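Encoded as structure tokens, the structure appears first; notes follow it.
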Amino acid sequence: MSFVSHVECTVCGHRHDAKHTLTVCETCGQMLAVRYDLERVNGAVTKDALRARPPGMYRFRELTPLADGEEPVTLGEGGTPLLPLPRLAAHLGLRYVWGKDEGQNPTGSFKARGLGMAITRARTLGARGFVIPSAGNAGGAAAVYAAACGLPCAVIVPRGTPPAAIAEAAIAGAAVFTIEGSIATAGRVVARVAPELGWFDLSTLKEPYRLEGKKTMGLELAEQLGWTLPDVLLYPTGGGTGLVGIPKGFDELGQMGWVTGRTRFVAVQADGCAPVVTAFHAGAETTAAWENPTTHAAGLRVPSPFAGRQMLRILRESGGDAIAVSERAIVEAQHRLAQLEGIWTSPEGAALVAALTVMKDRGDVTADARIVIMLTGAGIKYAPPEMPTPIDLRGSDEEIRAHVRRALGA
């Protein structure tokens, strides 16, 4: 059964018919959100029943917007591990740090959740094709899920987007275009082209269902932590769908009486593109466009996030924070996490390690705080800005062995 009660605007509250294809609020143009009959959800599923279900994000079907009998377009997304990070925690003088490893999703990033859900609902509601602006991983995920349901897809990315993301979209059959500028530039092209083609615009938070896919990260986290919420959650913030979605999931579980605790949310951005951080510390109501965004963490290179006011509200209402870190700090943190915990995360995920270091140094987290960092993608999808140089072995067998021993300090 579908447990959706309605879809409403997050700003003006205007209600929309969930049976129609939806983009943004028809009254004020702001972001839409799906609302559920949580009393009915509570009567339809229990924690015990949930435990018996197979892994994956659709095990939380009652808290998704799927219609009665609707089969999702799925490649097995969700069900990613929550990994204890004891060596990183000890390095920082902390006791409890976990990483939610979204790099283990089918497309190598958390984008699989949102795009799988958005494409599922758009297909059901009659979409004939998809157009998406992307900084990298979203375009690849859109192309893959469009291919899985047999619909065409076009992806527009800024020049300088990680080659693996472009290849992923192209191999899945999408038409991939590169453009000078940022994801905001690509978004303006998509906004004009999508209606001319009669295809659906999958831009971040300009339809309500991508949010519901990202929300499942929060549902899984709560269950993995024994239905208690983390004290602090750090999130790499570009478009911010997860930063809006995870609190939404926590709030829904809270209204159902399933969870305890309260979470402080921390938005993390790069020094070269920090519209949320700047607006947060300036006390602004929403974000202003960031000029000339620069960072090698492609997912953070979003100069004009559509949900700026919603993210700022979440940060302030949770008693959270917003932190910008340098390119050097991101690279060093990526190496540190790999060397301490064996996890090669994306630069966006590494930015969280850098930000957590800042928070600990400033005394913004206590040693016994329960902290989650959202490792949103796999590092293998990015070319490192500084490629480690291997040691070249030459000479006779004995010379080679001697060289290895010297290099290893033996």
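The values are calculated or read from the model by the stated rules, or taken from the named source; none is laboratory data. The structure presented is a predicted model; accordingly, all values stated were derived computationally and were not measured. Cβ atoms come from the backbone with ideal geometry, glycine included; neighbour counts cover every protein chain shown. Note: areas computed on protein heavy atoms with side chains; ligands, DNA, RNA excluded. Shrake-Rupley method; radii C 1.70, N 1.55, O 1.52, S 1.80 Å.
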For this session: Specify which of the listed residues (LEU75, LEU92, LEU83) is open to solvent by less than 40 Å² (accessible area, probe 1.4 Å) and either at pLDDT below 95 or not acidic (Asp, Glu) (or both).
Result: LEU92
For this session: Could you tell me whether ILE371 is hydrophobic (A, V, I, L, M, F, W, C) and at pLDDT 95 or above?
Result: yes
For this session: State whether the residues of the range 372-393 include one that is on the phi > 0 side of the Ramachandran plot and either hydrophobic (A, V, I, L, M, F, W, C) or in contact (Cβ under 8 Å) with a residue 12 or more places away in the chain (or both).
Result: no
Problem set entry | Every residue from the range 145-199 that is assigned to a loop (DSSP other than H, G, I, E, B) and without any contact (Cβ under 8 Å) to a residue 24 or more places away in the chain | GLY150, ARG159, GLU180, GLY181
For this session: Look at the range 354-377 and say how many of its residues are open to solvent by 30 Å² or more (accessible area, probe 1.4 Å) and assigned to a helix (DSSP H, G or I).
Result: 5
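May I ask you to list the residues in the range 232-268 that are polar (S, T, N, Q) and under 13 Å from the mean Cα position of the chain (by Cα)?
Passing the criteria: THR237, THR241.
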Problem set entry | Within the range 1-29, tally of residues that are open to solvent by 40 Å² or more (accessible area, probe 1.4 Å), closer than 18 Å to ALA307 by Cβ, free of Cβ contacts under 8 Å to residues at least 60 places away in the same chain and part of a loop (DSSP other than H, G, I, E, B) | 5
For this session: Mind listing whichever residues of the range 19-52 are closer than 24 Å to ASP68 by Cβ and of a type in the set (S, T, N, Q)?
Result: THR21, THR23, ASN42, THR46
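Regarding ALA141, is this residue in contact with a strand residue (DSSP E or B) (Cβ under 8 Å, 6 or more places away or on another chain), free of Cβ contacts under 8 Å to residues at least 60 places away in the same chain and small (Gly, Ala, Ser)?
Criteria met by ALA141.
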For this session: Could you check LEU205 against (1) open to solvent by 10 Å² or more (accessible area, probe 1.4 Å); (2) at pLDDT below 95; (3) out of contact with any Lys or Arg (no Cβ under 9 Å at 6 or more places or on another chain) and say which number it fails?
Result: (1)
Exercise. Does ILE380 meet the test of being surrounded by 11 or more Cβ atoms within 10 Å (Cβ to Cβ), out of contact with any strand residue (DSSP E or B) (no Cβ under 7 Å at 6 or more places or on another chain) and farther than 30 Å from VAL232 by Cα?
Worked result: no
Seminar exercise, completed: LEU205 meets each of (1) assigned to a loop (DSSP other than H, G, I, E, B); (2) without any contact (Cβ under 8 Å) to a residue 60 or more places away in the chain; (3) hydrophobic (A, V, I, L, M, F, W, C) with one exception, condition (2)
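Please tell me if ALA297 is touching a residue at least 24 places away in the same chain (Cβ under 8 Å), within 18 Å of the chain's Cα centre (by Cα) and under 23 Å from TYR382 (Cα atoms). Quick ask: steps written out before the conclusion?
Details: touching a residue at least 24 places away in the same chain (Cβ under 8 Å): yes; within 18 Å of the chain's Cα centre (by Cα): yes; under 23 Å from TYR382 (Cα atoms): yes.
So ALA297 passes the test.
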Seminar exercise, completed: The residue that is nearest to LEU312 (Cα to Cα), considering only those in the range 330-353 that are surrounded by fewer than 24 Cβ atoms within 10 Å (Cβ to Cβ) and touching a strand residue (DSSP E or B) at 6+ places or on another chain (Cβ under 9 Å), is ALA333
Exercise. Can you tell me which residues in the range 224-264 are within 17 Å of GLU212 (Cβ to Cβ), polar (S, T, N, Q) and surrounded by fewer than 17 Cβ atoms within 10 Å (Cβ to Cβ)?
Worked result: GLN255
Problem set entry | helices (runs of 4 or more DSSP H) fully within the range 239-320 counting 1 or more residues that are basic (Lys, Arg) and touching a Phe, Trp or Tyr at 6+ places or on another chain (Cβ under 9 Å) | 308-317
Exercise. Residues of the range 145-171 being aliphatic (A, V, I, L, M), over 21 Å from VAL302 (Cβ atoms) and open to solvent by 30 Å² or more (accessible area, probe 1.4 Å), which ones?
Worked result: ALA147, ALA148, LEU151, ALA167, ALA170, ILE171
Exercise. Does ALA127 satisfy the condition of being under 21 Å from the mean Cα position of the chain (by Cα) and either among the hydrophobic types (A, V, I, L, M, F, W, C) or not in a loop (DSSP other than H, G, I, E, B) (or both)?
Worked result: no
Seminar exercise, completed: If we keep only residues of the range 31-63 that are without any contact (Cβ under 8 Å) to a residue 24 or more places away in the chain and surrounded by 15 or more Cβ atoms within 10 Å (Cβ to Cβ), then the residue farthest from LEU82 (Cα to Cα) is VAL45
Problem set entry | Conditions (1) touching a residue at least 12 places away in the same chain (Cβ under 8 Å); (2) within 28 Å of VAL7 (Cα to Cα); (3) assigned to a helix (DSSP H, G or I); number of the one not met by ARG87 | (2)
